[in-house]
Amino acid sequence: MGLSTEDLLAELERALGTRSIRRGTDIPQRHWADVSGLPPVCPVAVVLPRTVEEVSTVMATCHRHRHPVVVQGGMTGAAGGAHPREGEIALSLERLSGIEEIDVHSATMTVLAGTPLSAIQKAAAEAGFSCGIDLGARDSATVGGIVSTNAGGNQVVRYGMARRNILGLEVVLADGMRVSGLNKMLKNNAGYDWTQLFIGSEGTLGVVTRVVLALQPPLQSVRSALLAVDGTNAALSVLRLARQMLPAGLLVFELMWREYYELAVSIEGVMPPLPVGHDGYILVEVPGSADGGHAIETWLARALEEGHICDAVIAKSLAERESFWALRESAYKFGSVIAPPINFDISFPPDRMADAIERLRAEIPPLGSDIVWGVFGHLADGNVHVMVMTPRKAEVKEAVDDTVYGITAALGGSISAEHGIGRVKRAQLPLSRSAPELALMERLKTCLDPHGLLNPGRVMDPAVR
């Protein structure tokens with residue numbers, strides 16, 4: 001430490017002004033914790049820069065005096081990436097917000113990192129476009145956090161992960177150096193595409209400050225349906241048939257396995273659109289074709305004829321569509337109605353998905369008679385979310401972790417499909433990354449942040465130099 005913490009904060013106050021630094025009882029509790037479930041920790045201070053130049057000043061100052069920094073956005077992360085540790089300064093980008101440009105010719109939007117996703121979606125729609133990224137936390141999640149975790153969400157089957165929606169970035173490195181690559185071009189092979197390093201790096205390599213997003217044509221219409229299937233492989237057959245028969249493709253393909261669906265119906269207290277008793281329920285959304293037509297009826301009739309689905313209902317109104325989504329998003333209520341969940345965000349190769357579900361069904365219930373659990377996910381991209389709820393959460397968490405991650409590793413899956421590693425999954429990272437991969441990641445970290453000051457203890461923690 002080159003300075004005492006008090007001297008360091010005084011220097012930051014002189015550079016940014018006292019209104020940009022919050023200390024002690026002035027620090028709002030939203031900066032104490034993300035949604036990972038880790039115990040809240042009050043950071044030493046919260047710094048609130050308004051410009052990229054101020055972000056650079058903060059990082060240069062903290063780098064010079066070797067003080068650790070945790071980067072914070074909307075605080076919606078589930079892996080502990082933005083959750084402060086003792087002694088850290090929190091660098092919040094909530095004031096670094098705004099849409100700087102919409103370029104209709106390149107179909108791009110340039111935004112500051114603290115901009116909420118919902119504001120981006122609204123601005124895109126007003127300009128005659130749509131944003132390919134959509135998350136349940138759209139009102140609070142910020143684009144910087146979405147980039148840093150390479151978030152997925154509901155529309156990955158059509159638009160891909162965040163990475164596929166990003167053309168350019170600006171970042172501030174650990175030493176305060178500002179690197180700008182605000183590219184708008186689809187083709188740009190001029191040397192290394194360094195921006196890819198920072199997408200999904202969870203703020204450990206640099207602070208994302210600006211983003212160039214690729215915008216999409218607006219969808220003229222969308223049809224929603226709920227399908228019942230008897231088996232995971234049947235659901236995969238429905239997906240394969242959809243890819244063959246739907247000229248405009250899919251927008252959403254979400255599978256709720258029976259345990260989850262029955263919980264959702266119970267918690268929502270509604271008459272289910274399809275009766276319980278089937279193995280799984282698929283929420284699908286299909287865009288209309290250019291001439292305003294839909295192929296959804298033909299596709300579903302074929303799937304029924306070939307025995308891939310058992311039943312189906314197509315939404316006839318916005319209210320019916322919203323009722324389908326209410327079941328899919330009822331997971332947000334499980335914690336308050338049943339018990340705080342142990343959450344997993346994992347993925348499997350599609351040909352091993354059925355095996356994964358059956359192993360989860362065989363191995364989770366024996367962990368306790370009071371365990372309630374469910375699994376749902378974005379089947380088209382192999383991502384499933386497992387929720388295990390019991391009043392004995394602290395007592396059984398290690399056994400539940402070992403069970404779920406053990407199945408994931410045995411079937412060649414990933415311990416993190418879209419939420420990242422953060423602090424919560426550091427110990428399990430070797431289950432999904434080989435020793436050479438981990439060594440390469442460590443080299444990148446020590447090259448860009450040799451003193452380990454940016455989000456230390458997240459993803460990995462190489463020896464500090």
Trp32 fails exactly one of (1) at pLDDT 95 or above; (2) open to solvent by 30 Å² or more (accessible area, probe 1.4 Å); (3) over 27 Å from Val424 (Cβ atoms), namely (3)
Taking strands (runs of 3 or more DSSP E) that do not extend beyond the range 135-219, which have at least 2 residues that are hydrophobic (A, V, I, L, M, F, W, C) and closer than 25 Å to Met75 by Cα? 166-172, 207-216
Filter the range 150-166 down to residues that are in contact with a strand residue (DSSP E or B) (Cβ under 9 Å, 6 or more places away or on another chain) and without any contact (Cβ under 8 Å) to a residue 60 or more places away in the chain and give me whichever is nearest to Ala248 (Cα to Cα). Tyr159
Search result, residues across the range 413-464 that are farther than 18 Å from Glu88 by Cα, assigned to a loop (DSSP other than H, G, I, E, B) and not hydrophobic (A, V, I, L, M, F, W, C): Gly413, Ser416, Glu418, His419, Gly420, Lys425, Ser432, Arg433, Ser434
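How many residues are in a loop (DSSP other than H, G, I, E, B) and either open to solvent by 10 Å² or more (accessible area, probe 1.4 Å) or within 13 Å of Asn165 (Cα to Cα) (or both) if we restrict to the range 95-134?
12
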Take Ala427 and tell me if it is open to solvent by 10 Å² or more (accessible area, probe 1.4 Å), at pLDDT below 95 and of a type in the set (A, V, I, L, M). yes
Test Ser237 against the stated conditions and say whether it is among the polar types (S, T, N, Q), under 20 Å from Gly153 (Cβ atoms) and open to solvent by less than 30 Å² (accessible area, probe 1.4 Å). no
Being in contact (Cβ under 8 Å) with a residue 40 or more places away in the chain and on the phi > 0 side of the Ramachandran plot: is that true of Gly87 here? yes
Output the residues belonging to the range 209-234 that are under 23 Å from the mean Cα position of the chain (by Cα), open to solvent by less than 10 Å² (accessible area, probe 1.4 Å) and of a type in the set (A, V, I, L, M, F, W, C). Val211, Val212, Leu213
Residue under question is Pro450, and the condition is that it be farther than 27 Å from Ala60 by Cβ, open to solvent by 20 Å² or more (accessible area, probe 1.4 Å) and either of a type in the set (Ser, Thr, Tyr) or more than 19 Å from the chain's Cα centre (by Cα) (or both); does it hold? no
Is it the case that Ile407 is surrounded by 15 or more Cβ atoms within 10 Å (Cβ to Cβ) and more than 29 Å from Pro43 (Cβ to Cβ)? yes
Scanning the range 142-196 residue by residue, those acidic (Asp, Glu) and open to solvent by less than 40 Å² (accessible area, probe 1.4 Å) turn out to be Glu170
Looking at Leu8, is it more than 24 Å from the chain's Cα centre (by Cα), open to solvent by less than 30 Å² (accessible area, probe 1.4 Å) and within 11 Å of Ile89 (Cα to Cα)? yes
Within the range 350-369, restricting attention to residues that are modelled with pLDDT under 95 and part of a loop (DSSP other than H, G, I, E, B), which residue is surrounded by the fewest Cβ atoms within 10 Å (Cβ to Cβ)? Ser369
Go through Gly74, Gly80 for me and flag whichever is in contact with a helix residue (DSSP H, G or I) (Cβ under 6 Å, 6 or more places away or on another chain), assigned to a loop (DSSP other than H, G, I, E, B) and either modelled with pLDDT under 95 or among the polar types (S, T, N, Q) (or both). Gly74
Among the candidates Arg66, Arg50, residue that is open to solvent by 50 Å² or more (accessible area, probe 1.4 Å), part of a loop (DSSP other than H, G, I, E, B) and closer than 13 Å to Ser92 by Cβ: Arg50
Checked pairs for the range 410-435, first under 15 Å from Gly81 (Cβ atoms), second open to solvent by 50 Å² or more (accessible area, probe 1.4 Å) and not in a loop (DSSP other than H, G, I, E, B), C-beta under 7 Å and 6 or more apart or across chains, list as Ile415/Leu431
Identity of the residue in the range 375-402, in contact (Cβ under 8 Å) with a residue 12 or more places away in the chain, over 27 Å from Leu283 (Cβ atoms) and assigned to a helix (DSSP H, G or I), that ends up least open to solvent (accessible area, probe 1.4 Å): Val396
Flag if Ala60 is open to solvent by less than 50 Å² (accessible area, probe 1.4 Å) and of a type outside the set (Asp, Glu): yes
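The values are calculated or read from the model by the stated rules, or taken from the named source; none is laboratory data. Being a predicted model, the structure only gives us computed values, none of them experimental. Please note: Cβ atoms are built from the backbone with ideal geometry, for glycine as well, and neighbour counts cover all protein chains shown. Side chains are part of the model used for accessible areas, which takes the heavy atoms of the whole protein and leaves out ligands, DNA and RNA. Shrake-Rupley method; radii C 1.70, N 1.55, O 1.52, S 1.80 Å.
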